[in-house]
1. Hey, can you tell me all the residues within segment 50-79 that are crowded, with 19+ Cβ neighbours inside 10 Å and of a type in the set (Val, Ile, Thr)?
2. Against the conditions (1) at pLDDT below 90; (2) in a loop (DSSP other than H, G, I, E, B), where does Leu88 fall short? Just the number, please.
3. Restricting the search to segment 22-53, which residues are part of a strand (DSSP E or B) and hydrophobic (A, V, I, L, M, F, W, C)?
4. Could you check segment 154-172 and list, in sequence order, the residues that are part of a loop (DSSP other than H, G, I, E, B) and of a type outside the set (D, E, K, R)?
5. Under 8 Å between Cβ atoms, at least 6 apart or on separate chains: pull out the pairs that start in segment 29-52 with a residue that is on the phi > 0 side of the Ramachandran plot and end on any residue that is surrounded by fewer than 18 Cβ atoms within 10 Å (Cβ to Cβ).
6. When segment 121-140 is examined, which residues are found to be surrounded by 18 or more Cβ atoms within 10 Å (Cβ to Cβ) and out of contact with any helix residue (DSSP H, G or I) (no Cβ under 9 Å at 6 or more places or on another chain)?
7. What number of residues in segment 110-124 are over 16 Å from Pro152 (Cα atoms) and β-branched (Val, Ile, Thr)?
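The values are calculated or read from the model by the stated rules, or taken from the named source; none is laboratory data. Given the structure is predicted, the values throughout are model-derived calculations rather than measurements. Cβ placement follows ideal geometry from the backbone for every residue including glycine, while neighbour counts extend to all protein chains displayed.
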Amino acid sequence: METPQAPADQLRVGRLVKAHGLKGALKIELYTDDPAARFVPGAVFSLQVPTSSPWHGKTLELKELRWYNQNPVGFFVGVDDRNAAETLIKAILWVEHDDDASSEPDAWYDHQLMGLKVLRDGIEVGTVSRVEHFPAQDLLIIDTPKGDVMVPFVGAIVPEVNIEAGTLTVTPPTGLFEEIPDDPADAEPVATSEVDAATADEPADEEDTPPADSDSGRATPNAG
(Lines give C-alpha, C1' and ligand atoms only; values in the text may rest on other atoms or scores of the structure.)
Protein backbone atom coordinates (compact mmCIF):
# COMPACT_ATOMS: atom_id res chain seq x y z
CA MET A 1 0.00 0.00 0.00
CA GLU A 2 1.32 3.44 -0.88
CA THR A 3 2.60 5.64 1.92
CA PRO A 4 1.29 9.22 1.86
CA GLN A 5 4.14 11.70 1.87
CA ALA A 6 4.32 14.38 4.55
CA PRO A 7 5.23 18.00 3.80
CA ALA A 8 8.90 18.34 4.71
CA ASP A 9 8.80 21.92 6.03
CA GLN A 10 5.46 21.97 7.85
CA LEU A 11 4.23 21.12 11.33
CA ARG A 12 1.76 18.30 11.96
CA VAL A 13 -1.09 19.51 14.18
CA GLY A 14 -3.87 16.92 13.94
CA ARG A 15 -5.52 13.93 12.31
CA LEU A 16 -9.14 13.45 11.24
CA VAL A 17 -10.30 10.24 12.89
CA LYS A 18 -14.06 9.86 12.51
CA ALA A 19 -17.13 11.45 10.95
CA HIS A 20 -19.36 13.16 13.51
CA GLY A 21 -23.06 13.63 12.81
CA LEU A 22 -24.63 14.25 9.42
CA LYS A 23 -23.37 17.76 8.60
CA GLY A 24 -19.78 16.96 7.59
CA ALA A 25 -18.11 17.37 10.97
CA LEU A 26 -15.05 15.30 11.87
CA LYS A 27 -13.50 14.35 15.20
CA ILE A 28 -9.89 15.48 15.45
CA GLU A 29 -6.94 13.88 17.19
CA LEU A 30 -4.79 16.83 18.22
CA TYR A 31 -1.00 16.87 17.86
CA THR A 32 -0.58 20.39 19.22
CA ASP A 33 -0.52 21.82 22.73
CA ASP A 34 -2.21 25.01 21.53
CA PRO A 35 -5.37 24.11 19.57
CA ALA A 36 -6.87 27.53 20.28
CA ALA A 37 -4.11 29.10 18.19
CA ARG A 38 -3.89 26.43 15.50
CA PHE A 39 -7.58 25.71 14.95
CA VAL A 40 -9.15 29.11 14.39
CA PRO A 41 -11.83 29.89 11.79
CA GLY A 42 -10.14 30.43 8.45
CA ALA A 43 -7.09 28.30 9.28
CA VAL A 44 -5.89 26.41 6.20
CA PHE A 45 -4.33 22.95 6.47
CA SER A 46 -2.30 20.95 4.02
CA LEU A 47 -3.49 17.35 3.80
CA GLN A 48 -1.41 14.22 4.00
CA VAL A 49 -3.49 11.60 2.21
CA PRO A 50 -2.81 8.78 -0.27
CA THR A 51 -2.41 9.80 -3.90
CA SER A 52 -5.62 7.89 -4.68
CA SER A 53 -7.64 10.16 -2.37
CA PRO A 54 -9.87 12.82 -3.97
CA TRP A 55 -8.27 15.24 -1.48
CA HIS A 56 -4.72 14.64 -2.64
CA GLY A 57 -2.98 17.92 -3.41
CA LYS A 58 -5.76 19.99 -1.85
CA THR A 59 -6.04 22.08 1.30
CA LEU A 60 -8.77 22.21 3.93
CA GLU A 61 -10.13 25.38 5.53
CA LEU A 62 -11.61 25.31 9.02
CA LYS A 63 -15.03 26.92 9.56
CA GLU A 64 -15.35 26.16 13.25
CA LEU A 65 -13.94 24.01 16.04
CA ARG A 66 -16.35 22.74 18.68
CA TRP A 67 -15.94 20.48 21.69
CA TYR A 68 -18.25 17.55 22.40
CA ASN A 69 -17.62 15.58 25.60
CA GLN A 70 -14.12 17.08 25.68
CA ASN A 71 -13.43 15.84 22.14
CA PRO A 72 -12.55 18.40 19.42
CA VAL A 73 -14.79 18.35 16.36
CA GLY A 74 -14.04 20.36 13.24
CA PHE A 75 -16.33 21.79 10.58
CA PHE A 76 -14.62 22.52 7.26
CA VAL A 77 -15.38 24.47 4.10
CA GLY A 78 -16.66 22.21 1.33
CA VAL A 79 -17.38 19.27 3.65
CA ASP A 80 -21.14 19.51 3.97
CA ASP A 81 -22.33 15.98 4.73
CA ARG A 82 -21.27 12.72 6.30
CA ASN A 83 -20.33 11.13 2.96
CA ALA A 84 -17.85 13.91 2.26
CA ALA A 85 -16.49 13.70 5.79
CA GLU A 86 -15.82 9.98 5.48
CA THR A 87 -13.50 10.62 2.52
CA LEU A 88 -11.25 12.58 4.90
CA ILE A 89 -10.93 9.97 7.65
CA LYS A 90 -7.26 9.37 8.58
CA ALA A 91 -6.12 12.55 6.81
CA ILE A 92 -3.28 14.28 8.67
CA LEU A 93 -3.40 18.06 9.02
CA TRP A 94 -0.31 20.21 8.52
CA VAL A 95 0.28 23.96 8.86
CA GLU A 96 2.89 26.25 7.39
CA HIS A 97 6.01 27.05 9.33
CA ASP A 98 5.80 30.10 11.57
CA ASP A 99 7.79 31.60 14.42
CA ASP A 100 5.41 30.18 17.02
CA ALA A 101 6.36 26.59 16.18
CA SER A 102 9.43 26.77 18.42
CA SER A 103 7.17 27.42 21.42
CA GLU A 104 5.74 23.90 21.21
CA PRO A 105 7.91 21.37 23.10
CA ASP A 106 9.01 18.19 21.32
CA ALA A 107 7.83 19.47 17.94
CA TRP A 108 10.17 19.34 14.96
CA TYR A 109 9.83 19.66 11.25
CA ASP A 110 10.82 16.68 9.14
CA HIS A 111 13.60 18.65 7.48
CA GLN A 112 15.05 19.44 10.92
CA LEU A 113 15.31 15.74 11.78
CA MET A 114 16.66 14.49 8.47
CA GLY A 115 20.43 14.31 8.46
CA LEU A 116 20.83 14.17 12.24
CA LYS A 117 23.52 11.81 13.52
CA VAL A 118 22.02 9.01 15.60
CA LEU A 119 23.91 8.24 18.82
CA ARG A 120 23.66 5.12 20.94
CA ASP A 121 25.68 5.13 24.16
CA GLY A 122 27.59 8.06 22.70
CA ILE A 123 28.56 6.14 19.55
CA GLU A 124 27.24 7.09 16.12
CA VAL A 125 25.17 4.26 14.63
CA GLY A 126 23.59 5.98 11.64
CA THR A 127 21.84 9.01 10.20
CA VAL A 128 18.17 9.97 9.98
CA SER A 129 17.27 9.61 6.30
CA ARG A 130 13.54 10.34 6.50
CA VAL A 131 10.46 10.40 8.73
CA GLU A 132 7.37 8.26 8.13
CA HIS A 133 4.07 9.39 9.64
CA PHE A 134 1.42 6.83 10.57
CA PRO A 135 -1.81 7.10 12.59
CA ALA A 136 -0.40 5.19 15.56
CA GLN A 137 3.05 6.80 15.69
CA ASP A 138 5.88 8.28 13.64
CA LEU A 139 8.88 6.25 12.53
CA LEU A 140 12.42 7.51 12.04
CA ILE A 141 14.19 5.73 9.20
CA ILE A 142 17.84 5.42 10.17
CA ASP A 143 20.48 4.81 7.50
CA THR A 144 23.06 2.43 9.00
CA PRO A 145 25.97 0.45 7.48
CA LYS A 146 23.75 -2.66 7.62
CA GLY A 147 20.74 -1.01 5.97
CA ASP A 148 17.69 0.98 7.06
CA VAL A 149 16.41 0.62 10.63
CA MET A 150 12.90 1.79 11.59
CA VAL A 151 12.85 3.45 15.01
CA PRO A 152 9.54 4.43 16.69
CA PHE A 153 9.71 8.16 17.41
CA VAL A 154 8.65 7.93 21.06
CA GLY A 155 10.29 9.30 24.18
CA ALA A 156 11.15 5.89 25.59
CA ILE A 157 13.36 5.12 22.57
CA VAL A 158 14.34 8.64 21.44
CA PRO A 159 14.92 10.54 24.69
CA GLU A 160 16.83 13.48 23.18
CA VAL A 161 16.83 15.50 19.99
CA ASN A 162 19.53 18.19 19.80
CA ILE A 163 19.04 20.21 16.64
CA GLU A 164 21.88 22.60 17.49
CA ALA A 165 24.38 19.75 17.91
CA GLY A 166 22.97 17.85 14.95
CA THR A 167 22.38 14.70 16.97
CA LEU A 168 19.58 12.42 18.06
CA THR A 169 20.03 9.98 20.95
CA VAL A 170 18.40 6.54 20.95
CA THR A 171 18.01 3.90 23.66
CA PRO A 172 16.59 1.05 21.57
CA PRO A 173 15.59 -2.40 22.80
CA THR A 174 18.00 -5.23 22.12
CA GLY A 175 17.73 -6.48 18.55
CA LEU A 176 16.58 -3.24 16.92
CA PHE A 177 20.04 -2.34 15.59
CA GLU A 178 21.68 -5.75 15.75
CA GLU A 179 20.84 -9.40 15.26
CA ILE A 180 20.38 -11.47 18.38
CA PRO A 181 22.63 -14.58 18.26
CA ASP A 182 21.00 -17.96 18.62
CA ASP A 183 21.01 -19.46 22.10
CA PRO A 184 23.09 -22.68 22.15
CA ALA A 185 20.45 -24.16 24.44
CA ASP A 186 18.02 -23.89 21.54
CA ALA A 187 20.13 -26.21 19.34
CA GLU A 188 18.33 -29.33 18.16
CA PRO A 189 19.00 -32.19 20.62
CA VAL A 190 20.29 -35.56 19.35
CA ALA A 191 17.58 -38.20 19.41
CA THR A 192 17.97 -40.90 22.08
CA SER A 193 17.45 -43.64 19.50
CA GLU A 194 20.41 -42.29 17.52
CA VAL A 195 22.65 -42.46 20.59
CA ASP A 196 21.54 -46.04 21.34
CA ALA A 197 22.20 -47.11 17.77
CA ALA A 198 25.70 -45.63 17.83
CA THR A 199 26.47 -47.38 21.12
CA ALA A 200 25.27 -50.74 19.80
CA ASP A 201 27.86 -50.63 17.02
CA GLU A 202 30.78 -50.30 19.46
CA PRO A 203 32.65 -53.57 20.44
CA ALA A 204 32.29 -54.64 24.05
CA ASP A 205 35.29 -54.27 26.35
CA GLU A 206 37.08 -57.50 27.29
CA GLU A 207 36.45 -56.86 30.97
CA ASP A 208 32.73 -57.02 30.27
CA THR A 209 32.92 -60.44 28.48
CA PRO A 210 31.55 -63.28 30.69
CA PRO A 211 34.07 -66.15 31.50
CA ALA A 212 33.96 -69.50 29.67
CA ASP A 213 32.44 -72.63 31.31
CA SER A 214 35.93 -74.20 31.84
CA ASP A 215 36.72 -71.40 34.23
CA SER A 216 33.44 -71.52 36.00
CA GLY A 217 34.19 -74.51 38.30
CA ARG A 218 31.41 -76.58 36.81
CA ALA A 219 32.19 -80.21 35.60
CA THR A 220 31.68 -81.20 31.99
CA PRO A 221 30.24 -84.76 31.55
CA ASN A 222 32.44 -87.28 29.66
CA ALA A 223 31.19 -88.39 26.31
CA GLY A 224 30.35 -92.01 25.85
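1. Val79, the sole residue that qualifies.
2. Against the list (1) at pLDDT below 90; (2) in a loop (DSSP other than H, G, I, E, B), Leu88 comes up short only on (1).
3. The answer is Ala25, Leu26, Ile28, Leu30, Val44, Phe45, Leu47.
4. Passing the criteria: Val154, Gly155, Ala156, Ile157, Val158, Pro159, Ile163, Ala165, Gly166, Val170, Thr171, Pro172.
5. Gly42/Glu61
6. Matches in segment 121-140: Val125, Gly126, Asp138.
7. 1
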